[in-house]
């Protein structure tokens, strides 16, 4: 009780006792577990949100979902953004921890940053990672490999046999899984494959799109790892006076606002970003309340994705694949 009074600045402690307690605190390098204190006293739920995602469309969907769930749970969100899309400094993360948060949500690519998670784990904070897969925190996402596999089979069903793929950020598990899904489906169909590297940003999609279309025999269809890069490919095609989808089919993953605000609208995989964010926050809060200050559980939750067909993908000009045949291949 005396230590508690000293830590909380209670004036009813003798100076000699206060100095003894403070000296012991310094010797032990002790810092109060603010997450446990805030939860035990049940004053409020304070959640840190650390993000540095280059995709504005992704962040829009994510924030809409996390804000809605936070409002329903009466939770306070404290945002920390990495400068210029980078990882926040150690000091910035420590400052966030010191604000009294009880848990943290991490967006890609920070969710898979071992450095960031180590700092949070050392502070005893539970974590939830959205659109990523890690062994030491709550993870909520879709089956990325299956999603890319489904879209690739759709393009194959339309008659495409020269396929291009734009990989996302190489430091994210979703990028590796989506490339694996694309490759497996394309190789099973005997398709010709070309791959270009991106990082999920629109700018990287422009560069990758140019690389794929500069090939002597370019792809007739390009699948990008997200909608931002797919939108960039459509822009590159227009600059080259290529008709989409007549000369080139383009598809993405996310079903973000970018999918429906460009022309033609994107055929894409719907990743339910708002639901992912809301589920991650719900699981995190439940974990915080169940075991305050214990560092959190490791839960993997996979939500369903859906293939959304729009005007950006069609059979190649030389292909006579019928709609019935395409549907038959998609069902396999």
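The values are calculated or read from the model by the stated rules, or taken from the named source; none is laboratory data. Quick caveat, the model's predicted, so the values are computed rather than measured. Glycine also receives a Cβ, built like all others from the backbone with ideal geometry; neighbour counts cover every protein chain displayed.
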Open item on the list: Among the residues of region 108-129, what is the count of those that are crowded, with 21+ Cβ neighbours inside 10 Å and modelled with pLDDT of 90 or more?
Closed with: 8
Task: Answer residue from region 150-176, given it is touching a residue at least 40 places away in the same chain (Cβ under 8 Å), within 18 Å of the chain's Cα centre (by Cα) and assigned to a helix (DSSP H, G or I) and is farthest from residue 229 (Cα to Cα) among those - done: 173
Open item on the list: Being surrounded by fewer than 22 Cβ atoms within 10 Å (Cβ to Cβ) and closer than 19 Å to residue 198 by Cα is the filter here; which residues of region 82-107 pass it?
Closed with: 84, 85, 86, 87
TODO: Within region 210-218, identify whether any single residue is buried (at least 17 other Cβ atoms within 10 Å of the Cβ) and out of contact with any strand residue (DSSP E or B) (no Cβ under 9 Å at 6 or more places or on another chain), and answer yes or no.
DONE: no
Open item on the list: Yes or no: region 247-262 includes at least one residue that is on the phi > 0 side of the Ramachandran plot, under 28 Å from the mean Cα position of the chain (by Cα) and in contact (Cβ under 8 Å) with a residue 24 or more places away in the chain.
Closed with: yes
